[in-house]
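Input: a single structure, listed below in structure tokens.
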Amino acid sequence: QVQLIESGGGLVQAGGSLRLSCVASGLTFSSYALAWFRQAPGKEREFVAGISWTGSSTYNADSVKGRFTISRDNAKNTVYLQMNSLKPEDTAVYYCAVPWRSGYTGTYYAKNFSSWGQGTQVTVSS
């Protein structure tokens, strides 16, 4: 019954910015860690950014450090991904996800996440 709905994707030129949003329902939002993953054509799904259920810790893939910022707004049951200085290699479908249990403090591998949104397409032109 967990539902995650992403929005905010689109077509932008290199160097531009986008902010992705993911609204969650069917769970006690403030008790769950959250993460963004992405999958480009012909590639495996990869971790992008994560935030702890406490909101006190964030994690970023090396490929996006210094450019992307994950944040959460518990009052709105929403997690965001602010993407700046976008590059063509950022082109992918972006998914938000929650882990298999509340209070999760483990690693941010896709196998540890049980609920996923439908994805939103981000395309960065050169």
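Whether a residue is buried (at least 18 other Cβ atoms within 10 Å of the Cβ), touching a Phe, Trp or Tyr at 6+ places or on another chain (Cβ under 7 Å), at pLDDT 95 or above and within 18 Å of residue 22 (Cα to Cα) was assessed, and residue 49 passes this test.
Does region 33-45 include one or more residues that are in contact with a strand residue (DSSP E or B) (Cβ under 9 Å, 6 or more places away or on another chain), open to solvent by 30 Å² or more (accessible area, probe 1.4 Å) and assigned to a strand (DSSP E or B)? Checking region 33-45: at least one residue is in contact with a strand residue (DSSP E or B) (Cβ under 9 Å, 6 or more places away or on another chain), open to solvent by 30 Å² or more (accessible area, probe 1.4 Å) and assigned to a strand (DSSP E or B).
Results for (1) among the acidic types (Asp, Glu); (2) out of contact with any Ser or Thr (no Cβ under 9 Å at 6 or more places or on another chain); (3) closer than 17 Å to residue 23 by Cβ, shown as yes or no for each residue.
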| residue | (1), (2), (3) |
| --- | --- |
| 61 | no, yes, no |
| 66 | no, no, no |
| 70 | no, no, yes |
| 73 | yes, yes, yes |
| 80 | no, no, yes |
| 84 | no, no, no |
| 87 | no, no, no |
| 91 | no, no, no |
| 103 | no, no, no |
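Considering the conditions (1) under 16 Å from the mean Cα position of the chain (by Cα); (2) assigned to a loop (DSSP other than H, G, I, E, B); (3) not aliphatic (A, V, I, L, M), residue 101 is excluded by exactly one of them, (1).
Once region 104-126 is narrowed to residues that are part of a strand (DSSP E or B) and of a type in the set (A, V, I, L, M), the residue that is nearest to residue 1 (Cα to Cα) is 122. When region 55-91 is limited to residues that are hydrophobic (A, V, I, L, M, F, W, C) and surrounded by 16 or more Cβ atoms within 10 Å (Cβ to Cβ), the one that is nearest to residue 5 (Cα to Cα) turns out to be 79. Among residues of region 99-122 that are within 21 Å of residue 25 (Cα to Cα), those with a Cβ under 8 angstrom from a residue that is open to solvent by 70 Å² or more (accessible area, probe 1.4 Å) and of a type in the set (A, V, I, L, M), sequence gap 6+ or separate chain, pair up as 117/5; 118/5. Scanning for something open to solvent by 40 Å² or more (accessible area, probe 1.4 Å), of a type outside the set (Lys, Arg), in contact (Cβ under 8 Å) with a residue 60 or more places away in the chain and more than 13 Å from residue 123 (Cα to Cα), does region 17-27 turn up at least one residue? No; the residues of region 17-27 include none that is open to solvent by 40 Å² or more (accessible area, probe 1.4 Å), of a type outside the set (Lys, Arg), in contact (Cβ under 8 Å) with a residue 60 or more places away in the chain and more than 13 Å from residue 123 (Cα to Cα). Count of region 66-96 residues, restricted to those that are assigned to a strand (DSSP E or B) and either among the β-branched types (Val, Ile, Thr) or within 16 Å of residue 54 (Cα to Cα) (or both), is 9. Tell me yes or no: at least one residue of region 106-115 is more than 28 Å from residue 125 (Cα to Cα), at pLDDT below 95, in contact with a helix residue (DSSP H, G or I) (Cβ under 9 Å, 6 or more places away or on another chain) and surrounded by 15 or more Cβ atoms within 10 Å (Cβ to Cβ). Within region 106-115, not a single residue is more than 28 Å from residue 125 (Cα to Cα), at pLDDT below 95, in contact with a helix residue (DSSP H, G or I) (Cβ under 9 Å, 6 or more places away or on another chain) and surrounded by 15 or more Cβ atoms within 10 Å (Cβ to Cβ).
For region 1-41, the set of residues classified as more than 13 Å from residue 116 (Cα to Cα) and modelled with pLDDT under 95 consists of 41 only.
The values are calculated or read from the model by the stated rules, or taken from the named source; none is laboratory data. In this text, all values refer to a predicted model and were calculated from it rather than measured experimentally. Please note: Cβ atoms are built from the backbone with ideal geometry, for glycine as well, and neighbour counts cover all protein chains shown. We work out accessible area using only protein heavy atoms, side chains counted, and drop any ligands, DNA or RNA first. Shrake-Rupley method; radii C 1.70, N 1.55, O 1.52, S 1.80 Å.
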